[in-house]
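Novice: Quick one: the structure is below, questions incoming.
The values are calculated or read from the model by the stated rules, or taken from the named source; none is laboratory data. Predicted model only: the values in this text are computed from it and were never measured. Every residue, glycine as well, gets a Cβ built from its backbone with ideal geometry; the counts of neighbours run over all protein chains shown. Surface areas here come from the heavy atoms of the whole protein model, side chains and all, with no ligands, DNA or RNA. Shrake-Rupley method; radii C 1.70, N 1.55, O 1.52, S 1.80 Å.
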Amino acid sequence: MPTIALLNQAGDKVRDLVLNEEVFGIEPNQQVVYDVVNCQRAAMRQGTHDVKNRSEVSGGGKKPWRQKGTGRARQGSTRAPQWRGGGVVFGPTPRSYAFKLNKKVKQLGMKSALSYKVKNDKMVAVDTIVFDAKRTKDFIKFLANIKVEGKAMVVCARDEFNENAICSSRNVPGVVLVCCDNCAVYDMLCFDKLVITEKAVAYFEEVLK
């Protein structure tokens, strides 16, 4: 069973936290992580690109010349693709790039990301996150107490994800606070450190077992 030190907000060790081996102690599957990240990045694409086809460009209502007798090739519209100012053939149109992954694949991707953080000492566990007021300096002091520098992702439970915590963390550069039920593999891998509360650990162990 993987074990990690459980700290309080002052940075003192409370006890050793035993993690579920099926969630935090597996061998990370790189292919599955790639598939999950690729799926999440594809869903983030806006897909608003658009070109005008021959029915959308202006003009071209009249046949340029009669069908026969001119010696030239027959033409039906000056807005056909071969004409200057004509429509575009097979150009991009607005669409969604999202695709589906099986539930078990997404769960394995999350377990692989969590296990990678534990295996490489990139995860810090805290017992809870409580802030009395909306003060950025309190959140900075909290990170300094647990010795977390640089880019960090703080994952907490739903009841800990309150307005005081959100407002205290949102102005800290390189740090993001997310709720455990809204945590993505791609976001998790973008940050050097993962700070997770005890309730968030219990949430992941329940939904990913």
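Novice: Counting only heavy atoms of the protein chains, get the accessible area per residue of region 3-134 (1.4 Å probe) and round it to a whole Å² value.
Specialist: Heavy-atom SASA per residue in region 3-134 reads 67 Å².
Novice: Length gain on complete extension for the stretch Ala80 to Asp50, per 0.36 nm per residue less the alpha carbon to alpha carbon distance?
Specialist: 9.0 nm
Novice: Against the longest alpha carbon principal axis of the chain, how many degrees, from 0 to 90 and to the nearest 10, is the axis of helix 103-119 turned?
Specialist: 50 degrees
Novice: Just to be sure I understand the model, the point goes 7 Å from the Cα along the line to the Cβ. What's the resulting Phe90 to Gln67 distance in nm?
Specialist: Rounded to a tenth, the inter-label distance reads 2.9 nm.
Novice: Rg to Rh ratio, the chain, alpha-carbon atoms and Kirkwood radius?
Specialist: 1.31
Novice: Explain nothing, just the number: dipole magnitude of the chain about its Cα centre with +1 on each Lys and Arg Cβ and -1 on each Asp and Glu Cβ, in debye rounded to the nearest 20.
Specialist: About 2480 debye.
Novice: Say a site is exposed when it is one of the GluC sites (Glu not before Pro), sits in a DSSP loop, and has at most 16 other Cβ atoms within 10 Å; what is then the longest site-free stretch of the chain?
Specialist: Answer - 57-148.
Novice: Using a 1.4 angstrom probe with every protein chain in place, what is the largest-first accessible-area order of Ile4, Ile140?
Specialist: From most exposed to least exposed: Ile140, Ile4.
Novice: Grab the DSSP H runs of the chain that are 4 residues or longer, score each as -39,500 (n - 2.57), total them, divide by all residues and round the 222 nm result to the nearest 500 deg cm²/dmol.
Specialist: Computed mean residue ellipticity for the chain: -9500 deg cm²/dmol.
Novice: Can you tell me what the convex hull of the Cα atoms of region 114-188 projects to on average, as an area in nm²?
Specialist: If I average the Cα hull's projected area over directions, I get 5.0 nm².
Novice: Something else now. Distance between the C-alpha centers of region 16-86 and region 153-209? Whole Å please.
Specialist: Region 16-86 and region 153-209 have Cα centres spaced 35 Å from each other.
Novice: What FRET efficiency do you get for Asp127 and Lys100 if R0 is 41 Å and r is their Cβ-Cβ distance, rounded to the nearest 0.05?
Specialist: Efficiency at R0 = 41 Å is approximately 0.65.
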